[in-house]
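Visitor: Structure provided below as structure tokens; questions to follow.
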Amino acid sequence: MRKLLLPLVSFIIISCDNSTSNPEPEISVSQLLIDHQKMDLEADTLRPELGLNTLANAVSFDFAISEDGELKANGTSIKPGDQIDIRGITHIEVFHKDKLVKKYPIKPSSVWKNYGLGTYQTQMKSLNKTYSYYLDQGGSGLYQYINCGPAVSTMSLLWKDSTYTNTIEYARNTIRPLGGWWYTYDISMFLEERGLQTRYLSLQDPSQYENTMISMLDQGIPFILCLDMYYTEQNTSPVERTHRFYNASSPDWGHFILVKGYKIIDDQLWLECHDPYTFGRTYPDSHLMGENRYYSSKELKKATDIWWPYLIALYKNTPSARFDFVTPPPQKGRGFFK
């Protein structure tokens with residue numbers, strides 16, 4: 001009987017020793033959200049996709065972490081709800097009592113990269129509405145190929161008033177109904193007669209070109225450009241949304257576009273435009289190519305300098321705006337007539 005008791009006593013002692021040990025508690029992170037996207041914490045690398053309106057210098061981080069845990073980005077501690085500049089962040093680390101538990105490389109992507117603009121958006125302004133006010137000049141009657149002026153004018157009135165019901169054809173039948181290119185003063189006259197105040201502003205100073213357009217848009221004022229599209233870059237990609245998406249094979253390809261926003265992505269200024277020369281062309285997701293098309297400020301500078309270095313501001317009685325308005329010579333937006 002004694003021989004049987006010894007192993008049993010020994011087992012009890014060992015069991016008691018194990019039950020009284022104090023192992024370090026496991027650290028855990030749950031629901032790590034970067035830019036409101038839940039990260040897969042089982043993955044080796046964190047891959048957030050920055051959204052359309054995300055500013056890379058203020059990306060939100062939200063998470064829950066167990067007691068005595070800490071999350072660091074490139075060695076700097078972060079708290080739930082922090083907004084940090086994700087540019088240059090190469091890794092996220094999980095610590096417990098100053099001991100590294102887990103290290104995640106981080107590789108952000110962006111919808112803007114898919115669109116051909118770059119990865120990191122740091123500044124933006126869009127004068128979009130809750131409704132679409134884009135119009136395609138294609139299908140607008142006999143003069144559809146030179147109806148860019150009537151098209152941007154009608155879009156401008158739709159931007160001002162969602163209940164505006166007149167068409168591109170109506171604008172054409174009001175001014176130069178027998179054909180011919182619209183001039184810049186045609187646009188101003190058409191808009192003024194329908195209650196949308198306009199002003200002209202010079203774009204000739206290269207040192208102020210970008211600042212002028214940014215300041216205008218920041219104050220809620222879209223504008224119309226009259227430019228030679230031959231001097232803009234063509235992009236034949238079916239998915240990217242940058243540059244001209246149609247052929248403009250020779251100089252003197254005058255055109256009107258409506259500028260209604262901007263983005264600074266990877267330190268480059270892109271102007272968000274409604275270009276009416278779509279003629280039904282769409283991206284794979286069925287959106288019309290001329291709606292929210294992005295042109296670089298550099299290509300627009302060249303194209304306006306050559307054709308008409310001014311803009312038509314849709315002033316809309318904005319008393320806080322302070323600009324040096326001018327009275328420029330008129331210019332035509334030729335378009336292309338097939």
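Visitor: Quick check on this structure: which one of 81, 75 is of a type outside the set (S, T, N, Q) and farther than 16 Å from residue 35 by Cβ?
Guide: On inspection, the qualifying residue turns out to be 75.
Visitor: Residue by residue through segment 45-73, note down the ones that are part of a loop (DSSP other than H, G, I, E, B), open to solvent by 40 Å² or more (accessible area, probe 1.4 Å) and at pLDDT 95 or above.
Guide: 47, 55 - these are the residues of segment 45-73 that are part of a loop (DSSP other than H, G, I, E, B), open to solvent by 40 Å² or more (accessible area, probe 1.4 Å) and at pLDDT 95 or above.
Visitor: For segment 186-223, what are the residues that are open to solvent by less than 20 Å² (accessible area, probe 1.4 Å), farther than 21 Å from residue 149 by Cβ and in contact with a strand residue (DSSP E or B) (Cβ under 9 Å, 6 or more places away or on another chain)?
Guide: 217, the sole residue that qualifies.
Visitor: Okay, next question. For segment 209-244, give me the residue count where each residue is under 21 Å from residue 119 (Cα atoms) and either in contact with a helix residue (DSSP H, G or I) (Cβ under 8 Å, 6 or more places away or on another chain) or outside any strand (DSSP E or B) (or both).
Guide: Total meeting the criteria: 12.
Visitor: Also, quick follow-up: Can you tell me how many residues in segment 131-152 are closer than 17 Å to residue 226 by Cβ and in contact with a Ser or Thr (Cβ under 9 Å, 6 or more places away or on another chain)? Walk me through it before giving the result.
Guide: First, pick out the residues of segment 131-152 that are closer than 17 Å to residue 226 by Cβ: 137, 145-152.
After this cut, where a residue has to be in contact with a Ser or Thr (Cβ under 9 Å, 6 or more places away or on another chain) as well, the list is 137, 147, 149-151.
Here the count works out to 5.
Visitor: Still on this structure: Could you please tell me which pairs satisfy a Cβ distance under 8 Å, a separation of 6+ or placement on different chains, a first residue in segment 230-245 that is within 17 Å of residue 276 (Cα to Cα), and a second residue that is of a type in the set (Val, Ile, Thr) and surrounded by fewer than 19 Cβ atoms within 10 Å (Cβ to Cβ)?
Guide: Taking only residues 6 or more apart or on different chains, the pairs are 245/236.
The rows are residues; the columns are (1) part of a loop (DSSP other than H, G, I, E, B); (2) closer than 13 Å to residue 276 by Cβ; (3) open to solvent by 40 Å² or more (accessible area, probe 1.4 Å); (4) modelled with pLDDT under 95.
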{"site": "105", "(1), (2), (3), (4)": "no, no, yes, no"}
{"site": "117", "(1), (2), (3), (4)": "yes, no, no, no"}
{"site": "122", "(1), (2), (3), (4)": "no, no, no, no"}
{"site": "129", "(1), (2), (3), (4)": "yes, no, yes, no"}
{"site": "137", "(1), (2), (3), (4)": "yes, yes, no, no"}
{"site": "142", "(1), (2), (3), (4)": "yes, no, yes, no"}
{"site": "152", "(1), (2), (3), (4)": "no, yes, no, no"}
{"site": "157", "(1), (2), (3), (4)": "no, no, no, no"}
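Visitor: Just for segment 171-185: of the residues that are in contact with a strand residue (DSSP E or B) (Cβ under 8 Å, 6 or more places away or on another chain) and open to solvent by 20 Å² or more (accessible area, probe 1.4 Å), which one is farthest from residue 144 (Cα to Cα)?
Guide: Ranking the qualifying residues of segment 171-185, first place goes to 183.
The values are calculated or read from the model by the stated rules, or taken from the named source; none is laboratory data. Note that the coordinates shown come from a computational prediction; the quantities given were computed from them, not determined experimentally. When we count neighbours, we look across all protein chains shown, and the Cβ atoms used for this are built from the backbone with ideal geometry, even at glycine. With ligands, DNA and RNA removed, areas are computed over all heavy atoms of the protein, side chains included. Shrake-Rupley method; radii C 1.70, N 1.55, O 1.52, S 1.80 Å.
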